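Engineer: Following this message is one structure expressed as structure tokens.
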Amino acid sequence: MARFRIVQKPSILDPREARYQIQEKVMWWWEDRFTYFASFKEAEDLIIKKLEAMDRPFVETRVVQEYH
């Protein structure tokens, strides 16, 4: 199931121009996460960056070195 999506909407200033908005799935609904983008590529690049950041593992709790 998708976690993020890009929604194409008409521009407020000129309804003939498209604007893109990123939304994130929260439970059963979608919430707006970021402002409108002038191009699909800009919105897609930001989603990829966010997903890559989320994909990084948490730092593992471990003993690095002990001194006796």
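Engineer: Ranked from highest to lowest mean number of other Cβ atoms within 10 Å per residue, what is the order of the peptides 30-38, 5-13?
Structural biologist: Ranked from most to least packed, the peptides come out as 30-38, 5-13.
Engineer: I would also like to ask the following. For residue 50, go through the lysines and keep the ones whose alpha-carbon is under 19 Å away, minus same-chain ones fewer than eight residues off.
Structural biologist: By straight Cα distance, residue 50 reaches 25, 41.
Engineer: Which whole number of Å³ per residue matches the convex hull of the alpha-carbon atoms in region 4-55?
Structural biologist: Here the figure is 68 Å³ per residue.
Only the coordinates and a few stated rules stand behind these numbers; no lab work does. Only a predicted model underlies this, so the values are computations on that prediction, with no experimental measurement involved. In this analysis, Cβ positions are derived from the backbone assuming ideal geometry, glycine residues included, and neighbour counts consider all displayed protein chains.
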